[in-house]
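What follows is calculated from the coordinates using simple rules that are stated; it is not laboratory data. What you see is a predicted model, and the numbers here were worked out from it, not measured in a lab. Cβ atoms come from the backbone with ideal geometry, glycine included; neighbour counts cover every protein chain shown.
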Amino acid sequence: MDVAVRELSYSQAIQEAMAIAMEADERVILMGEDIGVYGGAFQVTGDLVERFGPDRVMDTPISELGGAGVAVGAAVTGLRPIFEFQFSDFATLGMEQIVNQAAKMRFMLGGEVSVPVVMRFPAGSGTGAAAQHSQSLEAWLAHVPGLKVIQPATPHDVKGMLLAAVADPDPVMIFEHKLLYKMKGPVPEGHYTVPIGKAEVRREGRDLTIVATSIMVHKALEAAETLAGEGIDIEVIDLRTIRPIDRETVIASVKKTSRLLCVYEAVKTLGIGAEISAMIAESEAFDYLDAPIVRLGGAETPIPYNPELEKAAVPQVPGIIAAARDLAKGVR
Amino acid sequence: MATAKKAAEQSNLPFAYTRYSHEQLKDVLRKMYLIRRFEEGAEDSYMRGLIHGTMHLSIGQEASAMGICMPLTDEDQITSTHRGHGHSIAKGADVKKMFAEFFGKTTGYCKGRGGSMHIADVSKGNLGANGIVAGGIPIAVGAALSAKRLGNGKVVVSFFGDGANNEGAFHESLNMASIWKLPVIFVCENNGYGMSTSTARSTAVANIADRAAAYSMPGVIVDGNNFSEVAEASHAAIERARAGEGPTLIESKTYRYRGHSKSDRNRYRTKEEIEDWMTNRDPIALFETELKEFGVIDDHGIEAIREDVAREIAAGIEYAKEGPMPEISDLARFVYTEEVA
Ligand SMILES: Cc1ncc(C[n+]2csc(CCOP(=O)(O)OP(=O)(O)O)c2C)c(N)n1
Ligand SMILES: [Mg+2]
């Protein structure tokens, strides 16, 4: 059976996934600030309120802690809420309910309940929105057992992973880079899922492995294409899920290439790069390494407003090219 | 001024005309124009690609910012919001350095690091706009705690929108300010909407000021487009705060003409509603009419103010264009306190 595949933007793919989930299951509701007639700050919910009505596409007051908690409570008791934080930065206001309640409720109650809530977080820099609207906080949440944390990088994946998240019995946190919303890509029609916890090899190569997340996957692929012209053959892994991490795919790749570069937008230290590096250091892949692991992450600073500083604060393609070239050639 | 006051009292004039000299009143008009033209200038520069990111314009809300700030001294402090250009100018900021900030220049108030959403002028007591709804409210309470413990006589004003009244930070802050009798004034600029969500849909009480009862403080409602009314309420609240009697919640009812930010299709309100406010309740037009009626200024005087403001705005934009960009090597500056030289 052939499934039609169209070009959709990342935000259209999310919207389609939510619509499919709502069509299929009355229990699925959307909650968030200005997701109704406004269509969401990034127009992700768009016109869904017209299709499903304000009882299922609920505008909340500006109350992130309470709103997130209501979603958690509803999830425990029979609904399947998809809660949109207007910006991922406002996760900081909802943290109590996410970290203390959603993540731990099943555990604390000895498995008597599940918390099938999905939370969506528009994340990242590049829009000139300055320090409180540009952060990448996914590693904060990935530090919490009980949560699943995903960062789909393509329209195809965000649709499939969102549908997987809605079906998942546990809380799933989706970090969506804001610069991806307009990016287009092939998306199959209808229902399908992309598994949570599974990385994807986006480009095969022999000389070096780049493990990247979210928008950095695209920058890494661009860098890899450039370096292919210099005879450097790079493997690019799209991690897709940062909790739980797909150890097998990363370890197998590093065993093959013997060199590892991690690229992510969040602040470099104490983040996903540290985790991947330690995972390799603790695994059998360690013996295969021909060079020290390299991490490229965000600068140790809040995101600045000035556009040039803003660009300099997160990895860009030229920096990835330079780091990958040096690593592949053994320059340190 | 004493004689003006006396004469005014006799003639039953609105508060502002009994309290302020003609020169002061003309300066209020000038600053209301300065706010409006500043925002129009910023909007225009944004359209031309000279300013990036987004911005939230307070056009239509000028009387509220001016009325609240009139009784404040340069030592008094404010915390502001994402819609904070008017607060900043009303508190005495120089539009040159505001434009420079919006242009991302080191000559800006925040050295290009903050932009519109974090505009501040600490030298004049503006502790900053805020990207987080209600984020400035507890900060203001903290500043008021400092003022009380340090005994420096300062009062603090916290500006926020109607949408902010549903954040926990609002409720927690009002309660603490009340139990500790802190010199802080909570000013809710109710423009009817938090982004697209009307107060009727977001808020369980009819007036934000009704919330004050829960925290045992006065809750005062004013027409936010009437300068004199706002100033009168502000004076009363500030006197109360300075006398050690604690906080007040002022609800200033107003309206924003522009969309919420630069990406708003205005689908949640009608054209008629917007036009009604713009034509019948414009704070600058209302104030001008009053000023003329009470003989404070004539058309020539108004024209002179407009021209003067236009010059200041044009000079401000030039200043902003000329300023230097930050050095990339300075990326990590200001993250921590640098060593004292
Ligand atoms: C904690 C938090 N939640 C949401 C937002 C996004 N946001 C910015 S302004 C705004 C509306 C605020 O409404 P209101 O307080 O009435 O102020 P107004 O914009 O009307 O001046 C929203 C939802 C934010 N910046 N911070
Ligand atoms: Mg409002």
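Below, the figures for the structure above:
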{"item": "Long pairs among A:K104/B:K148; A:K182/B:K271; A:K268/B:K91, criterion Cα-Cα beyond 31 Å", "result": "A:K104/B:K148; A:K268/B:K91"}
{"item": "Inter-chain Cβ neighbour average for residues B:192-199, partner chain, 10 Å", "result": "4"}
{"item": "Average beta-carbon neighbours from other chains, 10 Å sphere, peptide A:307-315", "result": "4"}
{"item": "Charge dipole (debye, nearest 20) of region B:24-134; +1 at Cβ of Lys and Arg, -1 at Cβ of Asp and Glu", "result": "240"}
{"item": "FRET efficiency, B:H22 to B:H171 (Cβ-Cβ, R0 35 Å, nearest 0.05)", "result": "0.25"}
{"item": "Point-to-point label distance, A:L289-B:R149, nm (Cα→Cβ direction, 7 Å offset)", "result": "4.7"}
{"item": "For A:A220, net neighbour charge (Lys/Arg +1, Asp/Glu -1) across residues whose Cβ lies under 12 Å away", "result": "-2"}
{"item": "Other-chain or far-sequence residues with amide H under 5 Å of A:V263's (modelled H)", "result": "A:V211, A:A212, A:T213, A:L296"}
{"item": "Distance between region A:200-232 and region B:290-341 - C-alpha centres, whole angstrom", "result": "47"}
{"item": "Positive minus negative residues near B:Y193 (Lys, Arg vs Asp, Glu; Cβ under 13 Å)", "result": "0"}
{"item": "Electrostatic dipole magnitude of chain B [Cβ: Lys, Arg +1; Asp, Glu -1; Cα centre; debye, to 20]", "result": "680"}
{"item": "Bins of 5 Å, starting at 0 and running to the largest distance - Cα pair percent for region B:167-227", "result": "3, 15, 26, 25, 18, 10, 2, 0"}
{"item": "Interchain or long-range residues, amide H under 5 Å from A:K104's placed H", "result": "none"}
{"item": "Amide H partners (placed H, <5 Å) of A:G32, local residues excluded", "result": "A:M58, A:T60, A:E84"}
{"item": "³J(HN,Hα), Karplus 6.51/-1.76/1.60, whole Hz, each residue of region B:126-135, x for Gly, Pro", "result": "8, 7, x, 5, 8, x, 10, 4, 6, x"}
{"item": "Exposed GluC sites (Glu not before Pro) absent - longest run of chain B, DSSP non-H/G/I/E/B, at most 15 other C-beta within 10 Å", "result": "B:76-244"}
{"item": "Computed Kirkwood radius, in angstrom, where 1/r is averaged over Cα pairs of region B:189-341", "result": "20.0"}
{"item": "Translational D in µm²/s for the protein assembly as shown (Stokes-Einstein at 37 °C, 0.692 mPa s, Kirkwood Rh from C-alpha pairs)", "result": "122"}
{"item": "Options B:V205, B:G194, B:G142, ranked by Cα towards positive dipole end of region B:133-221, top entry (Cβ charges)", "result": "B:G142"}
{"item": "FRET efficiency, A:A228 to A:E23 (Cβ-Cβ, R0 45 Å, nearest 0.05)", "result": "0.55"}
{"item": "Net dipole in debye of the protein assembly as shown [+1 Lys, Arg Cβ; -1 Asp, Glu Cβ; about Cα centre; nearest 20]", "result": "780"}
{"item": "Rounded, prolate or oblate (a/c below 1.5 giving rounded, otherwise prolate when a/b exceeds b/c) for region A:59-124 by Cα gyration tensor", "result": "prolate"}
{"item": "Hydrodynamic radius (Kirkwood) for chain B, which is based on Cα pairs only, to one decimal in Å", "result": "20.5"}
{"item": "Chain B: DSSP helices with Cα axial extent of at least 18 Å and average Kyte-Doolittle hydropathy no lower than 0.5", "result": "B:136-150"}
{"item": "Chain B, relative contact order [Cα under 8 Å, separation at least 6], %", "result": "22"}
{"item": "Number of partner chain Cβ atoms within 10 Å, mean per residue of B:111-118", "result": "6"}
{"item": "Listed residues A:F85, A:P244, B:H260: farthest to the positive end of the dipole of the protein assembly as shown (Cβ charges)", "result": "A:P244"}
{"item": "For region B:223-300: relative contact order, % (alpha-carbon pairs under 8 angstrom, 6 or more apart)", "result": "34"}
{"item": "Over 25 Å (Cα to Cα) - which of A:K184/A:K311; B:K96/B:K154; B:K111/B:K181; A:K198/A:K255; A:K311/B:K31; A:K178/A:K198 fall in this group", "result": "B:K96/B:K154; B:K111/B:K181; A:K311/B:K31"}
{"item": "Radius 12 Å from Cβ of A:A142, net charge of other residues (Lys, Arg +1; Asp, Glu -1)", "result": "0"}
{"item": "Entries in B:K97/B:K321; B:K97/B:K262; B:K105/B:K321 that, when Cα-Cα distance is taken, lie over 20 Å", "result": "B:K97/B:K262"}
{"item": "Degrees, to the nearest 10: A:215-228 long Cα axis against longest axis of chain A", "result": "30"}
{"item": "Cα-Cα P(r), region B:1-138, percent of pairs per 5 Å interval", "result": "2, 11, 18, 21, 18, 11, 7, 5, 4, 2, 0"}
{"item": "√(5λ) per eigenvalue of the Cα gyration tensor, region A:5-188, largest first, Å", "result": "23, 19, 16"}
{"item": "Selection from B:A65, A:T60, B:A332, by position along the positive dipole direction of the protein assembly as shown (Cβ)", "result": "B:A332"}
{"item": "Taking the convex hull of Cα positions in region A:200-329, its mean projected area over all directions (nm²)", "result": "7.4"}
{"item": "Taking region B:1-133 and dividing mean pair separation by its residue count, relative contact order in percent (alpha carbons under 8 Å, at least six apart)", "result": "20"}
{"item": "Estimated D of region A:128-212 in µm² per second, where Rh is the Kirkwood radius over Cα pairs and Stokes-Einstein applies at 20 °C, 1.002 mPa s", "result": "145"}
{"item": "Largest-first principal axis extents, alpha carbons of region B:131-246, Å", "result": "42, 31, 26"}
{"item": "30 Å tail of the calculated P(r), chain A, as % of Cα pairs", "result": "34"}
{"item": "Where GluC sites (Glu not before Pro) fall in DSSP loop in region A:41-143, at most 11 other Cβ within 10 Å", "result": "A:E112"}
